[in-house]
Structures are given as C-alpha cells and as structure tokens.
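The values are calculated or read from the model by the stated rules, or taken from the named source; none is laboratory data. Please read all numbers here as calculations on a predicted model, not as lab measurements. Note: ideal-geometry Cβ built from the backbone for every residue, glycine included; neighbour counts use all protein chains shown. With ligands, DNA and RNA removed, areas are computed over all heavy atoms of the protein, side chains included. Shrake-Rupley method; radii C 1.70, N 1.55, O 1.52, S 1.80 Å.
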Amino acid sequence: MTTLAASDRSPNDRPRTEPSDSGHPEPPAPAAPPARSAPPAASAPPARPKASARPAAPTGPTAAASAPGSASAPDRSAVEAALSGLPRVVDLLAARAEEHDRDATFPYQGIEAVHEAGLLTLTVSPRYGGPGGTLADTVRVLTQLGRGDASVAVVTAFTLLQHAEQARRATWPAAGYRRLLTESRRGPALVNTLRMEPGGRPDALPATLARRDGDGWLLTGRKTYCTGAEALAWMAVTARTDEPEPRVGTFLVRGESEGLEIDPTWDQLGLRASASHDVVLDGVRVPVELALGLRTPGREDVAEAELARAWQDLALAAVAIGVARAAGAWLVRFLNQRTPANLTEPLGTLPRYRCALGEIEAQLIGAEELLHGLAPRVDRGEPDAVARTGPAQLLATRAATAAVQQAVALTGNPGLSRRHPLERYLRDVLSSRVHLAPEEAVLDAAGRAALERGARP
C-alpha cells in the first residue's frame, strides 16, 4: 500500500488556493494541490506547448452559486465555445497517449488540456455559473476525447457526471460545492463516486463503514476500480453506518485527507493511464454536513437513480465509440498506404478490403446514430428513452469492440505491433467493460421489461 509524498508530486501540478467562508479565494499558499499523488518527477510531462494555452473564454464556473430556483437552461454560446476547442485537445491527447499507456502514468497534461478548453466543467449548471451542457453535449465530447486518449476520456466522464447530477439534484451542500467550483477555476478538480468494493456488487450493501464520532463520521474500508484515484480532488464514497439499523449514504472525502491511501493495484491490459487504483480509508474523518442522502436501504429515489444510470450508460458508451473511430481512421490510412509486394496498388483498391471497411463503418454509424438519437430524448425527459439506455450502451459497446477487432484481423501482423496504435485501441475498448453494467444484468432487465409489456391487456 503506497502513497506519494508532496515532494514526489509532478512540478506541473499547480498549487491551488482555498476559498474563504465567503466563497472568495484566499491568497495562494505554498501547499501541495488537492490531487494527493502524481507521477514521480522523472515521468512528469514537459512544459505545455503554445498550442495548449488557455483560451480567452472562461474555463470554469463562478465560485458563487445563485439560488437553486434560478434559471438553468443551457448557455449554448458557452457550450459551443467549449466544444470548438475539441479538435485541438484531441490532437494533444493523441500525441501522448502511447507514452502514458506504455508507462502506465497518469495523463496530468491531458487532463489540464481538457480543463483549459472548458470541457471538464461543461455540465456545471448555469445557476452555478456554468454552461449547463446536456447529455447530448456530453456524448459528443466524450466521443471525441475517446479518439485521443481513452483514459483521459473516462476520467473526464466521471467528473462530468458528478456536475450533471448536482445540476439535477443539488445534493452537495452549498459550501462544499462552492469550494469545488472555486478549485475548478484554478485548475482541474476531478471528482468520482467510489462504489465498487473487492468481491462486491454495485447494488450490494457497502462494506465500507461509517462510524459517528462527535461532529463527524469516520470512514473505514476499501474501494476498487476508482478511476483517476491518484488525482481526485474529491471522492464521493458510498458507505453504510454502524447504527443498529444501518443507513447508506454518500460521504464527500477530500483527496488529501488524513487516513486515505492509494493502493496502486491497477495493472490492466488497457486504459492503463486511468489510474483506476484501490482507495483505502482508515478512519478518514468526514464532517457531518458532507454526509449526503443517508437512508435505510431500498428507499432511494428510483427515478433519479435510473436517470443517473442513463447518463453513465451513454457517456461511457461514447468513449468506446471514440476509440473505435480512432481505430477506423488508422485503418483507412493503412489501407491507403499499404501496397504488398505482390500488388501494384494499395490494399484499399481491392473490393474485399473496401467491403470489410464498409462493414466496420456501418457498425459505427449505427452505434453513433443510436447514442446521438437517444441522448436528446433523455435530455427531454422521455421515460421510455431512459429505460432504453442500458440496451443502447450494450449494443454500442459491442459495435465498437467488434469494429476494432475486425480492424486488427484485417491488418494482420501490423495491427498487433506495438509500433502502431491499433493494438492499444483494442486493449482500451476491451478494458472499458470494467466500467459498464454486466451484459447479463442488462439483458435480464430488458427481457423482464418485454415480458411485463406483453402481460398488459
């Protein structure tokens, strides 16, 4: 079990300031940033090129939140301004994706580029000073980021989902969320919900225990598959209380909290730069106001839980589609350039290869149309759309996986060479399944729903 001391952090991690009680920042202090660990200095990224300089448009929300009843319609001009920077960000991510994959180092510079383009806070509600990006916008962003670096896209996805949930429900206390927004103006402030536990199921009663201690709670337990673990500013940890009748809730934990350690267990085939390590909590203190939604099991808001799951379904499927699109683009270049010794023209001139490429293209077009058609319906609040995101995620991810596998089969040895990115795309798209609902659960739910519809008069 290891953590990195402040002296081991990357020099590219900028110090952050802390907000005062009034919500305004205090002068910067020479403290380490809230991201509690980072790559050793030897693997730190070089200075950012001029191409990634901060754009003129604001990159984060204001620290002061307006009243919850304020208008929260998306600011389309702010959304489009952020989206306009996508091509540049994707190029920056792609330029270093292979390096981070090979070394399994966290892509701090890539996350910084996403932040500077205003994409990391795209789903912050306008009532908090953000652009209010929709699920359709989120799908669009993550599809593109997935083309550049799947690890950066997945880390970004979970932060966007957190802000989107706050826009819908305002579950964070005002002071806590104001602090997060203040941090988001100074640099990337990553957030993720930590649910999974070793050997457990997402729907099981958490083994992580919260014990009341004076004016707060003490958390003890282990969470696994914690995407972005070493760089999270905040962790939303699900836990149960030690009361005679246990309650379950979400506890907001600072990334640098005393008693919290990162166990670097993530050594997967793909998404190697996502730092999806285990997080170990040993008596981590959480103020009572940062314990959210404590309730007896089974009394959660089902409609909100389904909507949150719908956002996650389509967001993570979009990352997989982005990876497959990157694989397809590489395949096109390969077929246009590769001329075997027994041919006088490139492989792309042969009908067999064109048909195989057409099959890949057809799969991806279908998956994209599915996601981009369903996301706006979820944004409009159509109940049947929310119910369809699970099967849609399954179909889109299957299509993405099949497309990359076909591309590898079509190219033979070059497709599996570490000299080319296609093998990385294959590993990333296969490893993305760790963040998705099990196929059996999705299919069982769809089958049950079909049976219920058939039984109605």
Between MET196 and residues 5 or more places away or on another chain, the pairs with built amide H atoms under 5 Å apart involve THR224
May I ask for the distance between the Cα centers of the range 202-256 and the range 297-332, given as a whole number of Å? 24 Å
Given the C-alpha centroids of the range 337-374 and the range 398-434, what is the distance between them in whole angstrom? 14 Å
Could you give each residue of the range 294-300 its phi-based ³J(HN,Hα) in whole Hz, using Karplus coefficients 6.51, -1.76, 1.60 with θ = phi - 60°, and x for Gly or Pro? 5, 7, 6, x, x, 10, 6
Sorted by mean Cβ packing within 10 Å, highest first, what order do the peptides 341-354, 158-171 take? 158-171, 341-354
Take peptides 359-372, 96-109 and line them up by average Cβ neighbours within 10 Å, highest first, as a rough protection proxy. 96-109, 359-372
Considering amide H positions built from the backbone, and no H for Pro or chain starts, which residues 5 or more places from ALA239, or on another chain, come under 5 Å of its amide H? GLY249, PHE251
Measure off, as a whole percent, the carbon and sulfur share of the 1.4 Å-probe accessible area of the range 332-457, all protein chains present. 55 percent
Could you derive backbone 3J(HN,Hα) for the range 186-194 from the dihedral phi with the Karplus parameters 6.51, -1.76 and 1.60 (θ = phi - 60°), listing whole Hz in sequence and x where the residue is Gly or Pro? 8, x, x, 10, 7, 9, 8, 8, 9
Restricting attention to the range 276-317, which trypsin sites (Lys or Arg not before Pro) occupy a DSSP loop and are surrounded by at most 13 other Cβ atoms within 10 Å? ARG299
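Is the shape of the range 102-233 rounded, prolate or oblate, going by the alpha carbon gyration tensor and its root eigenvalues a ≥ b ≥ c, with a/c under 1.5 for rounded and a/b larger than b/c for prolate?
Numbers: a/c = 1.78, a/b = 1.27, b/c = 1.41.
Oblate is the answer for the range 102-233, as a/c is 1.5 or above yet b/c matches or exceeds a/b.
Going highest first, how would you order 323-335, 132-144 by mean Cβ packing within 10 Å?
On the way: 323-335: 22.1, 132-144: 24.5.
Packing order, densest peptide first, comes out as 132-144, 323-335.
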Give the shape of the range 266-400 as rounded, prolate or oblate, defined through the alpha-carbon gyration tensor: a ≥ b ≥ c are the square roots of its eigenvalues, a/c under 1.5 means rounded, and otherwise the shape is prolate if a/b is larger than b/c and oblate if not. oblate
